[in-house]
Amino acid sequence: MDTALSTSPATATQQTRTISGSQAVCEAMVQEGVSTIFGYPGGAIMPIYDALYGYEDRLEHILVRHEQGGIHAAQGYARTSGRTGVVFATSGPGATNLVTGLADAMIDSTPLVCITGQVFAHLLGTDAFQETDVINITTPVTKWNYQITDAAEIPEILAKAFYIAGSGRPGPVLIDITKNAQLQLFEYQGYKPCHHIRSYRPKPVVRKAYVEEAARLINEAERPFVIFGQGVILGGAEQEFKAFIEKAGIPAAWTILGLSALPTDHPLNVGMLGMHGNYGPNVLTNECDVLIAVGMRFDDRVTGRLDKYAKQAKVIHLDIDPAEIDKNIKATVPVWGDCKETLPMLTALVQQKAYPKWLEKFRECTKSEDEAVFQGELHPTSDKLTMGEVIDTLNQITHGNAVIVTDVGQHQMVACRYAKFNQSRSNVTSGGLGTMGFALPAAIGAKFGAPDREVVAVIGDGGFQMTLQELGTIMQSNVKVKIIILNNNFLGMVRQWQELFHERRYSSVDIQSPDFVALAAAYGVSGQSVSERPNLRTALETMIDHDGAYLLEVMVGKENNVFPMVPQGCGVAEIRLK
Amino acid sequence: MKQEYTITVYTENQVGLLNRIAIMFSRRKINIESLNTSPSEVEGIHRFTIVINETEDVVRKLVRQIEKQVDVLKAYFNTNEEIVWQELALYKVPTDEIAEKVKVERLLREHGARAVVIRKDYTIFETSGHREETDKLISVLAPVGLIEFVRSARVAIIKESRGFHEKLKEFEETEPHPSTRENEYLDRGEDVFVM
């Protein structure tokens, strides 16, 4: 269906025919090249599901077990495929169950089009069965939303929805369609993809003068430092980014959403930023003289205390979203635009350079971190397994070629810190919103988005229990995802904070779990549990080699902490190694 | 330092847009002092006039977020020195009282007011102006028994503005002219490079 765009003019000129609003929805999906829809039927969206029945050969519908699972799956799909994820849900509770996923997609700039059913237009505002004001509930968590009450609007509005979701800084769009519009017959004049909305500017125009000024600052710098985020991946600018840092010779560190845009083994990749990031990138943020931020938004988990963040540095900020400039960190030079365009312009102007002494500082920091953290995490002396050694062993088996989907908490930080990646769009995690329960459904979608790749979900015992019903989706749709539960019998990250900042008052973090392996077996998913070091590698190999979904529970040390850590309210240079 | 800012937003005429804009203020716990929506000089383009009391830094960031909304064409923010504005006020007073105790003619002249309705039981005066001016008339009418009072939101014209017609033409082009995407930040190059 990738040719949808090129074939559409023909469709647009075909003779008008009478179809229903629901058929128009399906037509739009086909024309937009959608192949997979994640959803759950219900009363107010039944006409669309009825039409979908006639499109089974062109549109694959994955029946999830909860609408939140559906939207997280669509997010996973979008993140690995680079295409817009699509979700169908019914009115009322179906629609409200999407809200967490919408908020997650909004803050992590994930392109989604969600279609919700709505009660008949004449019932709007009457407290009808399963009526809820979806448009107003979702306004703060959507890039755009719209309610359709007349079928004739469907083709144009859906074209706008896909255009808005996928262009510029991507985001979720929700279209609410009343049942009468779904049933209504109208004169369909074909589908015309949208490429322009007069009030919407997907990208700002690149100003050459600012690129030149940025290049001048970079060329005069003695200790330049690049920090990059998901903008590099969303812009499809991985090659342009690599070319830039290689020519300029600048060390580069990533946010957890920027992870995998640059291969882990790249000599200029100096690691992870932020609260649980690497030691060097945090400490040296406050020693660089020019800080070049590419497609990242200076989240508080990255910056720590703003008044202690890179005060000495001149800041160059490349971003497609003008509202990000100066939002948290004042930019000395703003370079607005799609980094796919701005990075090559910058590369052309910067001098070929290397900063061996400066890079050596990062290596020295890595050495300190190795002694204080890596050794204990990757080569522990205690009998108890660590999360880090699980990820490290997984790296050795997958050679960094797997897609890693993580949930939220300690395992997420450990996975992001230690997982190896060779290619982009390999790390799927809930970064901005920190949504527990994200990983299992997102892994399902990630697999549909990248069917030829190994997809491994790494999840904590707490987060897994938030959306474990999606094992049913895995069973029914035969989704070959690998699930690792890192089980420390605690809500580990909260417990870590309670240990460090609340005098070990372990309030409500001692979480009991079911027999995960038996649970998986009940869903027809194979699995096993390991707690002994000698069995770890074999268990991981068995999981990877298994043809089908697999659940591996790994019992890890109960009270292990994730370090380094920038405590809340501290500056990045105050990062603690233990 | 907090001061009064008037935000002018040019938008498409879309259901739900008022909420989308209003929640950007409430999310940041910013109180809207006054809000007016009206048609603009261009057919089909709506104009919001919003007054808030905030620091320039907060207003600047907020206006960028507003302008980012899909259905918003352009947003401006101005201090009171940069705009001409009016508010309309209506005053309902008992006719007999007012006829007896107030020199109505002088009152109307001094406050630029006019009588909109005169009935046996009540009279409605109307005036427009800045907050202080409409307030002043309250203080005169209150002693004789003000039955009802209402004041409209602020409407404002930006002194420097040359209207939206030309700008809209640029917006309607598929590839807009670079100046359409201008911003006060990029257009003040000399300020940007202060290090």
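Values computed for the structure shown
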{"quantity": "Selection of GluC sites (Glu not before Pro), the stretch B:1-93, meeting DSSP coil and at most 16 other Cβ within 10 Å", "calculated": "B:41, B:43"}
{"quantity": "Overall form of the stretch A:208-362 per C-alpha gyration tensor (a/c, 1.5; a/b vs b/c)", "calculated": "rounded"}
{"quantity": "Computed over chain A: relative contact order in percent, which uses C-alpha pairs under 8 Å that are six or more apart", "calculated": "15 percent"}
{"quantity": "Inter-label distance, nm, simple model (7 Å from Cα along the C-beta direction), residue A:185/residue A:352", "calculated": "7.1 nm"}
{"quantity": "Area projected by the alpha carbon convex hull of the stretch A:477-578, averaged over all directions, nm²", "calculated": "8.9 nm²"}
{"quantity": "Ranked A:479, B:84, criterion: other C-beta atoms within 10 Å, fewest first", "calculated": "B:84, A:479"}
{"quantity": "Cβ charges +1 (Lys, Arg) and -1 (Asp, Glu), total dipole of the stretch A:208-362, debye", "calculated": "340 debye"}
{"quantity": "Computed over the stretch A:208-362: relative contact order in percent, which uses C-alpha pairs under 8 Å that are six or more apart", "calculated": "31 percent"}
{"quantity": "The stretch A:385-555 - charge dipole about Cα centre, Lys and Arg +1 at Cβ, Asp and Glu -1, debye rounded to 20", "calculated": "380 debye"}
{"quantity": "Hits among aspartates and glutamates - C-alpha to C-alpha of residue A:242 under 15 Å, sequence gap 8 or more where chains match", "calculated": "A:265, A:341"}
{"quantity": "Cα gyration tensor category, rounded, prolate or oblate, for chain B with a/c compared to 1.5", "calculated": "prolate"}
{"quantity": "Equivalent-ellipsoid semi-axes of the stretch B:41-155, from the Cα gyration tensor, Å, largest first", "calculated": "38, 15, 11"}
{"quantity": "Sites residue A:152 and residue B:36 - FRET efficiency at Förster radius 30 Å, r taken between beta-carbons, to 0.05", "calculated": "0.40"}
{"quantity": "Per-q log10 I(q)/I(0), the stretch A:323-384, q = 0.13, 0.14, 0.19 Å⁻¹ (Debye; single scatterer per alpha-carbon; no solvent)", "calculated": "-0.73, -0.77, -0.88"}
{"quantity": "For the stretch A:500-505, Karplus couplings with θ = phi - 60° (6.51, -1.76, 1.60), whole Hz, Gly/Pro x", "calculated": "7, 10, 10, 6, 6, 7"}
{"quantity": "Cα gyration tensor shape of the stretch A:376-499, rounded if a/c is under 1.5, else prolate or oblate by comparing a/b with b/c", "calculated": "oblate"}
{"quantity": "Rule-of-thumb Rg ratio for the stretch A:279-366 [Cα; 2.2 N^0.38 Å; N residues]", "calculated": "1.14"}
{"quantity": "For the stretch A:137-250, average projected area of the Cα convex hull in nm²", "calculated": "10.4 nm²"}
{"quantity": "The stretch B:86-151 - percent relative contact order, Cα under 8 Å, separation 6 or more", "calculated": "51 percent"}
{"quantity": "FRET efficiency, residue B:165 to residue B:116 (Cβ-Cβ, R0 35 Å, nearest 0.05)", "calculated": "0.55"}
{"quantity": "Reachable aspartates and glutamates, given that their alpha-carbon falls under 14 Å from the alpha-carbon of residue A:353 and they are not under 8 places away in the same chain", "calculated": "A:220, A:222, A:246"}
{"quantity": "Nearest 10 degrees, 0 to 90: helix A:387-398 Cα axis against chain A principal axis", "calculated": "70 degrees"}
{"quantity": "Share of pairwise Cα separations in chain A, more than 36 Å, in percent", "calculated": "37 percent"}
{"quantity": "Average partner coverage of A:320-331, which counts Cβ from other chains inside 10 Å", "calculated": "3"}
{"quantity": "Footprinting exposure proxy for A:291, A:257, B:88 (fewest neighbouring C-beta atoms within 10 Å first)", "calculated": "B:88, A:291, A:257"}
{"quantity": "Computed E for residue A:537/residue A:311 - FRET, C-beta separation, R0 45 angstrom, nearest 0.05", "calculated": "0.45"}
{"quantity": "Viscosity 0.890 mPa s, temperature 25 °C, Stokes-Einstein D of the stretch A:4-188 from Kirkwood C-alpha radius, µm²/s", "calculated": "153 µm²/s"}
{"quantity": "Selection of GluC sites (Glu not before Pro), the stretch A:146-242, meeting DSSP coil and at most 16 other Cβ within 10 Å", "calculated": "A:222"}
{"quantity": "In sequence order, calculated HN-Hα J values of the stretch A:509-520 (Karplus, 6.51, -1.76, 1.60; Hz; x Gly/Pro)", "calculated": "10, 7, 9, 8, 10, x, 6, 4, 5, 5, 4, 4"}
{"quantity": "Label-to-label distance, nm, for residues given as residue A:35 and residue A:423 (7 Å Cα→Cβ offset)", "calculated": "1.4 nm"}
{"quantity": "Magnitude of the charge dipole, chain B, Cβ model with Lys/Arg +1 and Asp/Glu -1, debye to 20", "calculated": "640 debye"}
{"quantity": "The stretch B:86-151: translational diffusion in µm²/s, Stokes-Einstein, Kirkwood Rh over Cα pairs, 37 °C, 0.692 mPa s", "calculated": "285 µm²/s"}
{"quantity": "Bridge type composition, the stretch A:4-188 - antiparallel percent by DSSP, nearest 5", "calculated": "15 percent"}
{"quantity": "Karplus-derived 3J(HN,Hα), 6.51/-1.76/1.60, for each residue of the stretch B:115-130, Hz, glycine and proline x", "calculated": "8, 8, 9, 10, 10, 4, 7, 8, 10, 10, 9, 9, 8, 9, x, 6"}
{"quantity": "Members of B:92/B:120; A:203/A:327; A:311/B:68; A:208/B:61 lying beyond 22 Å, as alpha-carbon distances in this model show", "calculated": "A:311/B:68; A:208/B:61"}
{"quantity": "Residue order, fewest to most surrounding Cβ atoms within 10 angstrom, among A:505, A:495, A:216", "calculated": "A:505, A:216, A:495"}
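Bear in mind these aren't lab numbers, they're just calculated from the coordinates by the rules spelled out. Keep in mind that what you see is a predicted model, and the values were worked out from it rather than measured. When we count neighbours, we look across all protein chains shown, and the Cβ atoms used for this are built from the backbone with ideal geometry, even at glycine.
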